[in-house]
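Working notes, beginning with the structure itself.
The values are calculated or read from the model by the stated rules, or taken from the named source; none is laboratory data. Since we're looking at a predicted model, the values are computed, not measured. We place every Cβ from the backbone using ideal geometry, glycine too, and count neighbours over all the protein chains shown.
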Amino acid sequence: MMIKLPRIIDDYIKMSNAHDVKSILSCFSDDASVRDEGKERRGKENVGGWIAETIEKYKFQFKPLSIKEDSVDVVVPIEVSGTFDGSPVTLDYHFTIESGKIRSLTID
């Protein structure tokens, strides 16, 4: 089944699966924030560090399962596989998009 994702989210998933840190980071706004594993990172430099750390730690691959949009967020349940116990798992990725970039991302 093909899921029609907003372009920036589709780009984020494709670049994440390619483990291309620079291209993943280009999906985020300069003042973006990411909340993952109970930690929040703010600003492009900190988000870039999070991207590099998670690629190195988990060697993940993403498979989007569906999409739910409301007036503020886009929620994409993603099957995440990688080098971690319990792989694969399904996590909800909550994206806030602003001016064609990811303004915030919360993973739970």
Which pairs do you get when a residue that is more than 17 Å from Glu98 (Cβ to Cβ) and buried (at least 16 other Cβ atoms within 10 Å of the Cβ), found in the stretch 10-34, comes within reach of a residue that is modelled with pLDDT of 95 or more and among the aromatic types (Phe, Trp, Tyr), reach meaning Cβ atoms under 7 angstrom, with the pair 6+ apart or on two chains?
-> Ile13/Phe62; Ser16/Phe62; Ile24/Tyr12
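Test of understanding: among Ile8, Ile13, Ile3, which residue is in a loop (DSSP other than H, G, I, E, B) and β-branched (Val, Ile, Thr)?
The unique qualifying residue is Ile3.
Do you know which residues across the stretch 53-68 are surrounded by 15 or more Cβ atoms within 10 Å (Cβ to Cβ) and assigned to a helix (DSSP H, G or I)? Spell out the reasoning first.
Step one: list which residues in the stretch 53-68 are surrounded by 15 or more Cβ atoms within 10 Å (Cβ to Cβ), which gives 54-55, 60-62, 64, 67.
Selection gives Thr54, Ile55.
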Scan the stretch 57-100 for residues that are within 19 Å of Val21 (Cβ to Cβ) and among the charged types (D, E, K, R) and jot them down.
-> Lys57, Lys59
Given (1) within 13 Å of Thr106 (Cα to Cα); (2) of a type in the set (Lys, Arg); (3) in contact with a strand residue (DSSP E or B) (Cβ under 9 Å, 6 or more places away or on another chain), number of the condition Lys68 does not satisfy = (1)
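Do we find a residue being within 18 Å of Asp10 (Cβ to Cβ), of a type in the set (Ser, Thr, Tyr) and crowded, with 18+ Cβ neighbours inside 10 Å anywhere in the stretch 81-97?
yes
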The stretch 35-52, residues that are without any contact (Cβ under 8 Å) to a residue 12 or more places away in the chain and either in a strand (DSSP E or B) or β-branched (Val, Ile, Thr) (or both) | Lys39, Glu40, Arg41, Arg42
Please find, within the stretch 71-108, the residue that is modelled with the highest pLDDT out of those that are out of contact with any strand residue (DSSP E or B) (no Cβ under 8 Å at 6 or more places or on another chain) and within 19 Å of Arg7 (Cα to Cα).
-> Gly100
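Yes/no per residue for (1) of a type in the set (Gly, Ala, Ser); (2) under 13 Å from the mean Cα position of the chain (by Cα):
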| position | (1), (2) |
| --- | --- |
| Ser23 | yes, yes |
| Arg35 | no, yes |
| Lys39 | no, no |
| Val47 | no, yes |
| Ala52 | yes, yes |
| Val74 | no, yes |
Would the stretch 95-103 turn up any residue that is without any contact (Cβ under 8 Å) to a residue 60 or more places away in the chain and in contact with a helix residue (DSSP H, G or I) (Cβ under 7 Å, 6 or more places away or on another chain)?
-> no
